[in-house]
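What follows is a short report on a single structure.
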Amino acid sequence: MKIHLRFSQEIKSLLQRLSDQSLTLGDVLTETSERGFSLVIALLVLPFLFPMPPGLTGPFGAACLLLSLQMLFGRRSPWLPRKIATYQFPRPFAQVILQNLCRVTSLLEKITRPRLTKIASHDLVWRFNGLCISWLTVLLMSPVPFTNPIPTIGILLFAVASIESDGLLICICYVMTALITLLFALIGYAVCLAPGLL
């Protein structure tokens, strides 16, 4: 019987592997199978909580969007183009991402656990999660300054809720997605009014 690791344990395992060899997104997907959706999405969006190295915002966001769209269409086995799957994270950068992700998830795991598991495992919920993550990724990639951490937090919560089978947290994430959408709509409305006010 396969042991179901918690999210932070998955990350610690990847950190140990990283000490022996370079890590690619394809390696993560191979090792984690269906759970790889949530794990790789979390890896891709976590850097948006911090200042990003130039040139990585577009590729990371595009890869996250590709995976979330696969969830939307019901795929359970994640797929990435070879060029993205074989991308090797520079070790120092990968270690920082994984260590920060481990801290974040260790904190979140104190408030999440398997709850309402029938909701969490339902196929329509899986697809709707993909839709919400896709939308949050679009907001994440939008050129609105200083807003990257807001949708990032929503995506990370979806990732943790999915991998921990926490249906209650997934429902909370839906509310958060609506609130984040409203916030961006208000920001967009304010930007549209700005020329007139000036």
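Against the definition (over 20 Å from N148 (Cβ atoms), modelled with pLDDT of 75 or more and over 14 Å from the mean Cα position of the chain (by Cα)), how does L80 come out, yes or no?
Judged against the criteria, L80 is a match.
I'd like the full set of residues that are of a type in the set (A, V, I, L, M) and at pLDDT below 75, limited to the range 97-112.
Those that are of a type in the set (A, V, I, L, M) and at pLDDT below 75: I97, L98, L101, V104, L108.
The values are calculated or read from the model by the stated rules, or taken from the named source; none is laboratory data. These numbers were taken from a predicted model, which means no experiment stands behind them. Cβ: placed from backbone, ideal geometry, glycine included. Neighbour counts: every protein chain shown.
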